[in-house]
1. Restricted to segment B:403-456, and to residues that are more than 14 Å from every other protein chain (Cβ to nearest Cβ) and of a type in the set (V, I, T), which residue is nearest to B:S531 (Cα to Cα)?
2. What's the number of the condition A:D96 fails, among (1) more than 9 Å from every other protein chain (Cβ to nearest Cβ); (2) of a type in the set (D, E); (3) surrounded by fewer than 19 Cβ atoms within 10 Å (Cβ to Cβ); (4) closer than 26 Å to A:G489 by Cα?
3. Mind checking which pairs have a first residue in segment B:266-277 that is touching a residue at least 12 places away in the same chain (Cβ under 8 Å) and a second that is surrounded by fewer than 12 Cβ atoms within 10 Å (Cβ to Cβ) and among the acidic types (D, E), Cβ under 9 Å, 6 or more apart or different chains?
4. It is to be established whether one or more residues within segment A:222-236 are among the hydroxyl-bearing types (S, T, Y), in a helix (DSSP H, G or I) and closer than 25 Å to A:S363 by Cβ.
5. Would you confirm whether any residue within segment B:47-56 is under 21 Å from the mean Cα position of the chain (by Cα), more than 14 Å from chain A (Cβ to nearest Cβ) and modelled with pLDDT of 95 or more?
6. Can you go through A:K415, A:K429 and tell me which one is over 30 Å from A:A314 (Cα atoms), surrounded by 20 or more Cβ atoms within 10 Å (Cβ to Cβ) and out of contact with any His (no Cβ under 7 Å at 6 or more places or on another chain)?
7. Does A:T20 satisfy the criteria of being crowded, with 24+ Cβ neighbours inside 10 Å, polar (S, T, N, Q) and over 18 Å from the mean Cα position of the chain (by Cα)?
8. If you check every pair at least six apart or on different chains, which have Cβ atoms under 6 Å apart with a residue in segment A:18-40 that is over 16 Å from A:V69 (Cβ atoms) and assigned by TED's automatic domain parsing to the domain that holds A:R87 first and a residue that is assigned to a helix (DSSP H, G or I) and among the aromatic types (F, W, Y) second?
Protein chains: 2
Amino acid sequence: MEAKKENGGIIPGPTNPMVTPLLTDLYQFTMAYAYWKAGKHQERAVFDLYFRKNPFGGEYTVFAGLEEVIRFIANFRFTEEEIAFVRESLTDSCEDGFFDYLRGIDCFDVEVYAIPEGTVVFPKIPLLRIEGPIAIVQLLETPFVNLINYASLVSTNAARHRNVAGKSKTLLEFGLRRAQGPDGGIGASKYCYIGGFDATSNVAAGKLFGIPLRGTHSHAFVSSYMGLDEILDKSLRRKDGSSTCEDFVSLVQTWLSKIQWSNSLRGIFGETNQSELAAFISYAQAFPNKFLALVDTYDVMRSGVPNFCAVALALNDLGYKAGGIRLDSGDLAYLSCEARKFFCAIEKEFGVPEFGKMFITASNDLNEETIDALNKHGHEIDAFGIGTYLVTCYAQAALGVVFKLVEINNQPRIKLSEDVSKVSIPCKKRSYRLYGKEGYPLVDIMTGENEPSPKVGERILCRHPFQESKRAYVVPQRVEELLQCYWSGISDKARENLPPLKAIRERCITQLELMRPDHMRRLNPTPYKVSVSAKLYDFIHFLWLNEAPVGELQ
Amino acid sequence: MEAKKENGGIIPGPTNPMVTPLLTDLYQFTMAYAYWKAGKHQERAVFDLYFRKNPFGGEYTVFAGLEEVIRFIANFRFTEEEIAFVRESLTDSCEDGFFDYLRGIDCFDVEVYAIPEGTVVFPKIPLLRIEGPIAIVQLLETPFVNLINYASLVSTNAARHRNVAGKSKTLLEFGLRRAQGPDGGIGASKYCYIGGFDATSNVAAGKLFGIPLRGTHSHAFVSSYMGLDEILDKSLRRKDGSSTCEDFVSLVQTWLSKIQWSNSLRGIFGETNQSELAAFISYAQAFPNKFLALVDTYDVMRSGVPNFCAVALALNDLGYKAGGIRLDSGDLAYLSCEARKFFCAIEKEFGVPEFGKMFITASNDLNEETIDALNKHGHEIDAFGIGTYLVTCYAQAALGVVFKLVEINNQPRIKLSEDVSKVSIPCKKRSYRLYGKEGYPLVDIMTGENEPSPKVGERILCRHPFQESKRAYVVPQRVEELLQCYWSGISDKARENLPPLKAIRERCITQLELMRPDHMRRLNPTPYKVSVSAKLYDFIHFLWLNEAPVGELQ
């Protein structure tokens, strides 16, 4: 997609070329036509994009998806073909002038204020505030919500997995095959990286975003071998290139026998699976510098681990260092501990330094609960490979992001509902995060656009937006304005640049560490407080009474 | 993406241009390299793609995603840029020859046999059988699983929603904003249509696939109006063009007053919300032939429905017929019944034929359970608009599709597991659906490639693949071979053409109707039986004993 110039320079189009102005709901076009027909389409509207509830039973959310949103609006233009399709879809004899209007629109009269991508965020606080001609902003609703909903959900899911796994573990995203469609997979890789994962198996995501890649081999590779006679070229060159071992297969077999009859390991295993051994040798010949083997195709402790160790020790003789094993089934806690004991015994018995620290990766339908259970049992796993539960957000497959009109022509608007949690907070607003003495964020507060901002050291009343009795005075030690301008169209306003992915990831990690630990607990976390100023509170309730019909008891 | 010629003609590339040969796991490349290094890459392998368990607690699945798979392999080629990236990712000094090999590969030496898209399918039976050089077929695993997993899952989810809603209801897919990424949304629209939905709100999907589009207006449209004085042009031309009503607003107001003071409706409502009335009038002026109003922005029965009826009756005076209402909150069963009563009262009171049959659409977090509950309560809803729960498959966000090696160089392979349900069924196989006297499918059976096929009227023993005691004789009245050739590369084999989307949808609807009703129940359905021939059964167990290590009790 073609890039356009605005005051901040060139911004490329969305990562997925299918993200076009047609990626929206039909009613955005019917409304645009009705606005246009009524001469209302240029009226200046303000919409807030926010969510109502943190996902996964937690009390925090990671905000993500902003870059794609900005790339989308920076390049928002209809092609003739798209306009022809819209005309065909709005069958009701719409006037030609409307399609001329569509032909001319872009987002250069729109402004987008947003919380920086990778920030820890909370319900009700606008993640984005979008201002512009109502007909145009309305067309943006669906793609904005689509681009932010899943991005924020899966980043949050990744952060929660990191939280339970701990900082020292390596986390690998392996979800592409089970993701909801191709860019469900590509998006998952990007946003799990933001949420704190270390690498992905998804090559396309590696290429698009520079995310580190990981991967070794599958069960099919192991079972594609029938036996050692399939290895035609038995040689392997030493790492330093000084010579070549002509029969690496025999070297491995010798080691296998030594292990089998060693003092500390005698009796643990008998004859190992020879097709597995052939597969491991073959893989080691291809990747002698990073030999990492999947050890559960036949039997982990009676075949996979001994076969792996024999190959690893033979590699060691030639100056290489093996990478480790992957477990993909069974009792991962138990098997990782048994494998660790086996590695340590080898280190001791054969004097191979660090062999006991061999890297153990585990996969197989892992999620927050299973990692938590592994931690409770005790395990020796160094890396978790996580797929289905992570990328599909199995525990909660959507975040309820909404996009609500809060002002039109400088008139505040409110959306009422019998369900108080669904009442929107009117007015063009500012939001601040107030920090306490210990450096933790204490509360987020929304104010009217023109209210003075909270000041460090000055007491301010923070009110629950809907519950009269919930309020607290706060004396902030630091005040952070949350919404920054990320898109100012052709206006002169300075805007933030889009940071690189690594910077977003760093921000996310730092933000998560900054939170008070009780908000971050996996079970029964303390809710973080979200509030409005006293003035905004009064105004909300004035407007509410004004708009709500008075009931009659009969 | 460029299209290539094979024996069946030109096949375009995947719908999503991000579906490239790099959309795969890194380990597919490391394995490809290891196969190549060992001289094993050209060995002929057979893989089965299947799932192990029906989703959503049901006993059936709709197979979808085949067209995208075939479009992918028909155009499978690496670009130089992609090869450079793979080289960079496989850091371990891989030999140049491998990248020359990658440069030359395509899928013209691969064959794909598949069950037709839109067929009702069951666990363990291969949905696809893929044959070809092992290194190439291995590269296809991840994209194939990705393209089929979500497609089949969401088609099945759509079919389940149709099943509970009933044939007479209109089902609308409204999920784009909550889908897992942009083509989570586009894929959902396509595959929900296959599963039996009638239309989507997603304009991009409408354009790509020709799916009917639906949509009217949102709450924001209603709340963007402040009052009737915003309507500058008050006129509306009669449908027949014979004259123009110069003050349509007054006509509506007159009707509102008539309704309010009519014999049967007196006392039901007082003053309605005037900004809502303005929005409805404005929308009707834009779309007089399909005026459909969202009636719950302020109060359904005290404001939305009376306002709608006043506009609908004024339209009726000018020769137009209103389209109906949409309810998006509250007790949908109760409100739909109240609205229906109101419409019927108007039909009777003012003699407007068919006004009582006004179309009622309901939305708001609907899913199988809530539709079932609405049915139990009784309701007057004609159409359901379903989003989040449908497109994200909230009840179960992934289908466990797997891709297993079953044969290499004509040698059958088995993957063992301590969990019997994870043991793979070896051999290149054929599958058949056997039909009984009443026309229902009775059982699916897998046989070895070269066994004679089951014959109509001939008794055949069908065995559970793993449980010795589960077996039954069947005398089929009809035998249907399930796997058809959909991709034969450059070989001379005839292949099936890819049917158009509407034909796939028709197949799916017909297939679902063909099933015995007890398999289709929402709760406690009867499992459909899946079996193997006696010969295949014996062979599986011979191979299993051969490969499994013998334990030693200590």
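1. Applying the filter and picking the extreme gives B:I445.
2. Unmet condition: (4).
3. Every condition considered, the pairs that remain are B:G270/A:E552.
4. Yes, the conditions are met somewhere in segment A:222-236.
5. Of all residues in segment B:47-56, those under 21 Å from the mean Cα position of the chain (by Cα) come to B:49-56.
Then keep just the ones that are more than 14 Å from chain A (Cβ to nearest Cβ); that gives B:54.
Add one more test, that the residue is modelled with pLDDT of 95 or more, and what stays is B:54.
Within segment B:47-56 (the criterion being under 21 Å from the mean Cα position of the chain (by Cα), more than 14 Å from chain A (Cβ to nearest Cβ) and modelled with pLDDT of 95 or more), the answer is yes, since at least one residue qualifies.
6. Numbers: A:K415 fails: out of contact with any His (no Cβ under 7 Å at 6 or more places or on another chain).
The match here is A:K429.
7. Details: crowded, with 24+ Cβ neighbours inside 10 Å: no; polar (S, T, N, Q): yes; over 18 Å from the mean Cα position of the chain (by Cα): yes.
No, not satisfied.
8. If the second residue must be assigned to a helix (DSSP H, G or I) and among the aromatic types (F, W, Y), the pairs left are A:M31/B:F221; A:Y33/A:F98; A:A34/B:Y283; A:W36/A:F98; A:W36/A:Y101.
The values are calculated or read from the model by the stated rules, or taken from the named source; none is laboratory data. Source: prediction; values computed, not measured. Positions of Cβ are backbone-derived with ideal geometry, glycine not excepted, and every protein chain shown enters the neighbour counts.
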